[in-house]
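Working notes, structure below.
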Amino acid sequence: MAKNKKNTKFSTKSIHTGNRIDETGATVTPLHLTSTFRQPSFSSSEKFVYSRTGGPTIDALEENFAMLEDAKFSFAFASGMAAMSAIFLMFKPGDHVLISQNVYGGVFRLVTKVLNDNGVNFDFIDTTDLKIIKQAIRPTTKLIHLETPSNPLLEIADISSISKVCKSKNILVSVDNTFMSPYGQKPLNLGADIVMHSTTKYIGGHSDILSGA
Ligand SMILES: Cc1ncc(COP(=O)(O)O)c(C=O)c1O
């Protein structure tokens with residue numbers, strides 16, 4: 001497929017990557033409307049077992065997301081907030097997480113109304129200023145989550161400089177790239193460790209898709 005051709009353009013790759021032409025010849029990836037996949041025996045398990053954890057349609061989408069962001073792999077979620085939750089749930093009580101102060105309201109509410117009571121310490125800071133970030137880092141800081149550009153104020157964080165500081169301190173950097181899209185910015189190539197999306201904006205493009213990555 002087009003994904004292996006180095007000089008293939010972004011628009012072509014974004015259409016073709018992940019697509020597998022099956023025996024029907026359908027040019028659009030089929031939807032597999034099954035909850036469970038048949039297993040050959042009780043003790044063996046095939047690549048696809050149960051649709052919540054994966055299936056051919058989701059596989060194609062995840063391959064495409066990974067290509068768009070130059071990532072090693074990707075996970076598709078039912079929404080951007082589900083993807084965001086998965087990132088924050090990696091941390092344990094006592095861990096410290098820094099977050100851009102003007103993040104999307106749903107992320108602010110997830111942190112302040114749900115996760116704050118679970119023992120992880122969250123601080124919202126001005127991530128447009130590297131000095132402020134350096135001062136806010138604690139020995140227990142495990143992640144800096146940047147929303148850049150932020151929704152809706154379009155505040156910008158310097159992903160490269162922040163990632164350099166974080167690498168030296170073993171702190172992960174995650175970037176919400178919903179508002180720029182991988183066409184305009186590829187955070188992993190700027191040094192970030194994780195990139196997430198709500199597909200409701202530029203990935204979907206027509207306000208008719210709800211999912212996350
Ligand atoms: C920047 C940003 N991050 C995360 C989200 C949440 O994504 P979703 O609505 O798909 O759960 C949104 C939704 O508008 C967003 O704009």
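Below are the figures for this structure:
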| item | result |
| --- | --- |
| Residues of the range 181-203 classified as over 12 Å from F65 (Cα atoms) and either of a type in the set (S, T, N, Q) or within 12 Å of the ligand (Cβ to nearest atom) (or both), total | 5 |
| Enumerated strands (runs of 3 or more DSSP E) restricted to the range 141-213, each holding at least 3 residues that are within 11 Å of the chain's Cα centre (by Cα) and modelled with pLDDT of 95 or more | 172-176, 194-196 |
| Matching residues in the range 84-104 - criterion: being near the ligand (Cβ under 8 Å from one of its atoms) and within 24 Å of T140 (Cβ to Cβ) | M84, V103 |
| Unique match (being more than 21 Å from A157 (Cβ to Cβ), aromatic (F, W, Y) and within 16 Å of the ligand (Cβ to nearest atom)) among F65, F73 | F65 |
| S79 crowded, with 20+ Cβ neighbours inside 10 Å and of a type in the set (S, T, N, Q) | no |
| Residue selected from the range 165-180 under the condition within 14 Å of P149 (Cβ to Cβ) and free of Cβ contacts under 8 Å to residues at least 40 places away in the same chain, by the criterion nearest to the ligand (Cβ to nearest atom) | F179 |
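The values are calculated or read from the model by the stated rules, or taken from the named source; none is laboratory data. For clarity, every value in this text was computed on a predicted model and none was experimentally measured. Every residue, glycine as well, gets a Cβ built from its backbone with ideal geometry; the counts of neighbours run over all protein chains shown.
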